[in-house]
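The values are calculated or read from the model by the stated rules, or taken from the named source; none is laboratory data. As the structure is a prediction and not an experimental result, all values here were calculated from the model. Cβ placement follows ideal geometry from the backbone for every residue including glycine, while neighbour counts extend to all protein chains displayed. Ligands, DNA and RNA are stripped out before the accessible areas are found, and what is left, the full protein with its side chains, is counted by its heavy atoms. Shrake-Rupley method; radii C 1.70, N 1.55, O 1.52, S 1.80 Å.
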Amino acid sequence: MPESITLVSLMLHALKCVSVQDIFDRDPYESRRTALKGEKLLHVLVAYQMVRQPGMRGLLRAIDEHAPLQAALGGPVARNTLANALTQRPVEQMIEAWMRVSASYGAGVERLGKKFARIALVDSSLLKLSLAVYDWAEYRQESGAAKMHAVLEWTRRIPEQLVVTAGKVHDANRAVPMVWKPGWTYVQDRGYVSFARLAQMRVCGAHFVVRLKRGMQWRVLARRPVPLGRQGGVYLRGDQTVRLAGWPEVELRLVSYQLPDYRWVFVLTDRFDLTASSVARLYKERWKIENWWKWIKTMLKIKRPLGESTTALPLQLIAAFVTDLLWRVFKAFGHFPASLYEFVTRCQELSLVRLADMVDGALRQALERIRQHFNQLPVLSQTSLSL
């Protein structure tokens, strides 16, 4: 361990506290991957999110020129080795590693909603790509794009599931498999209205809140009164028990409301235990995942995949999710007083600067607290993160 410590090496040591190599060792071919094991690949991709240099060449240059970073990664990284790993590494293994890191550090993330609310947001986001370079990313006739489908835990803004497809794949397509947890409510936009998909949620013991598509027909079985006036920024207009024309065997609930600009919104759910106002507010929370996607695209380097294969982008996304999680954990552990945005931007500017060389301000004090925290953990006790 070097005598100096930087923010990026501190983050990599935090990752080393969660051993994930055994996940990759299940692959018989892993024993032959001596240059870049699965755990090291995750660390390299997280380091890429921290250094300012763009692209694979920028990442490798930063590793070559910065001794503390190279030492934290356990040695240099060759371009061909990294390129092959991005092509051959199974995405499922990296997802399992991400889930283990999330399980280990997720409790340290500040909750933004009710502590025990079991609510998840489902949405996709497009990432424009050159069809000439990324031939798998079919979207339109003369343009390419990847579609990133995610399930986001509402209270902590932590992604739980990720599926990457070509841009032309519909949100509710069977090529976008999701796992539904019993007792959880999944809030989705109308692009996810699929009777087979909603039925699958009910079989799993999960619930849904989804905006109804235009042109769908239903039969009203019962009506309930709604309060007058503005409720949570909207005007409730109806609360009905209905049967849909395409799904007549199931009784569902349809809540309708008007926005301040007089547009109507129809929200379908199988939850009858909530008030109509709560259903409307719950659907409005769906915008949080769109804001989260905007955050990921703005703050993390995913707009340009490091490789051209179908696996390169998902691997890079997973590392971005891990980096975002650790940023949130570091902010909480370090008691940084300002916003997450300010914490992240300052971390990006100073990621390769020694803590000892930083101005003695709020960021350095926060990072000192983080360093002391990880020095107390068994994995790091043998190589203290000293300055």
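Structure data summary
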{"read-out": "Kirkwood hydrodynamic radius over Cα pairs of segment 265-346, then Stokes diffusion coefficient at 20 °C and 1.002 mPa s, in µm²/s", "value": "137"}
{"read-out": "Hydrodynamic radius (Kirkwood) for segment 195-329, which is based on Cα pairs only, to one decimal in Å", "value": "17.7"}
{"read-out": "Top of K40, K331, K168 by mean-square fluctuation, Gaussian network on the chain, Cα under 10 Å", "value": "K168"}
{"read-out": "Most mobile of E153, E30, E249 in a GNM of the chain (Cα contacts under 10 Å)", "value": "E249"}
{"read-out": "Accessible surface, per residue, of segment 103-218 when the full set of protein chains is kept, probe 1.4 Å, Å²", "value": "49"}
{"read-out": "Accessible-area composition of the chain, carbon plus sulfur, in percent [1.4 Å probe]", "value": "50"}
{"read-out": "Distance from segment 91-143 to segment 200-270 (C-alpha centre basis), Å", "value": "28"}
{"read-out": "Total formal charge among the other residues, if their Cβ is under 15 angstrom from that of V234, Lys/Arg +1 and Asp/Glu -1", "value": "+4"}
{"read-out": "Candidates L121, L36, L340: whichever shows maximal mean-square fluctuation once the chain is modelled as a Gaussian network with Cα springs under 10 Å", "value": "L340"}
{"read-out": "Segment 140-217: translational diffusion in µm²/s, Stokes-Einstein, Kirkwood Rh over Cα pairs, 25 °C, 0.890 mPa s", "value": "178"}
{"read-out": "For q = 0.24 Å⁻¹, Debye-computed log10 I/I(0) when each Cα of segment 214-288 counts as one equal scatterer", "value": "-1.16"}
{"read-out": "Cα pair distances exceeding 20 angstrom across segment 1-152, given as percent", "value": "62"}
{"read-out": "Pairs of Cα atoms farther than 17 Å apart, segment 1-66, %", "value": "50"}
{"read-out": "Relative counts (whole %) of C-alpha pair distances in segment 340-380, using bins that are 5 Å wide", "value": "5, 21, 29, 23, 14, 7, 0"}
{"read-out": "Enclosed volume per residue, in Å³, of the convex hull spanned by Cα atoms of segment 79-229", "value": "198"}
{"read-out": "Stokes-Einstein D in µm²/s, Kirkwood radius over Cα pairs - the chain at 10 °C with 1.306 mPa s viscosity", "value": "69"}
{"read-out": "Along each principal axis, Cα extent of segment 90-163, largest first, Å", "value": "47, 25, 15"}
{"read-out": "Test item: Cα-centred dipole of the chain, Lys/Arg +1 and Asp/Glu -1 on Cβ, debye", "value": "1280"}
{"read-out": "Efficiency of FRET between A78 and K297 - r from beta-carbon atoms, R0 35 angstrom, step 0.05", "value": "0.75"}
{"read-out": "Karplus-derived HN-Hα couplings along segment 14-23 (A = 6.51, B = -1.76, C = 1.60, θ = phi - 60°), whole Hz, x at Gly and Pro", "value": "4, 5, 5, 5, 10, 6, 10, 4, 4, 5"}
{"read-out": "Solvent-accessible heavy-atom area per residue, rounded to whole Å², over segment 258-387 at 1.4 Å", "value": "45"}
{"read-out": "Principal axis dimensions, segment 177-230 - Cα atoms, whole angstrom, descending", "value": "39, 26, 23"}
{"read-out": "Evaluated at q = 0.31 Å⁻¹: base-10 log I(q)/I(0), Debye formula over Cα of segment 67-120", "value": "-1.08"}
